[in-house]
Amino acid sequence: MDKTKKTELERIRRELINAHNRAAWHMAATIVKASLVKGGMDEPPTAKELADLNATITNLRSVAEDAIELLKK
């Protein structure tokens with residue numbers, strides 16, 4: 001594997017780790033929020049929380065697609 005591919009693979013690896021950590025944090029926060037109420041969520045996620053979660057999912061998908069393209073080469 002040439003140096004350019006190794007550098008790109010390392011970048012994607014770091015991005016995947018960061019995206020995974022953000023997604024795990026969002027999921028944990030949602031579970032904690034839901035566990036604090038009885039009979040359902042008294043306070044549903046705010047528009048900002050949903051937008052942040054959507055951005056995290058989009059980022060994770062994008063990085064995964066980059067990884068797949070690199071591995072195909």
Matching residues in region 50-73 - criterion: being more than 13 Å from the chain's Cα centre (by Cα) and open to solvent by less than 80 Å² (accessible area, probe 1.4 Å): ASP66, ALA67, LEU70
Within region 2-49, residues being surrounded by fewer than 15 Cβ atoms within 10 Å (Cβ to Cβ) and not in a helix (DSSP H, G or I) number 11
What number of residues within region 43-56 satisfy the criterion of being touching a helix residue (DSSP H, G or I) at 6+ places or on another chain (Cβ under 7 Å), closer than 18 Å to ILE17 by Cβ and of a type in the set (A, V, I, L, M, F, W, C)? 0
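The values are calculated or read from the model by the stated rules, or taken from the named source; none is laboratory data. These numbers come from a predicted model, not from an experiment. Here Cβ is always computed from backbone atoms with ideal geometry, including for glycine, and neighbour counts include all displayed protein chains. SASA here: full protein model, heavy atoms, side chains in, ligands and nucleic acids out. Shrake-Rupley method; radii C 1.70, N 1.55, O 1.52, S 1.80 Å.
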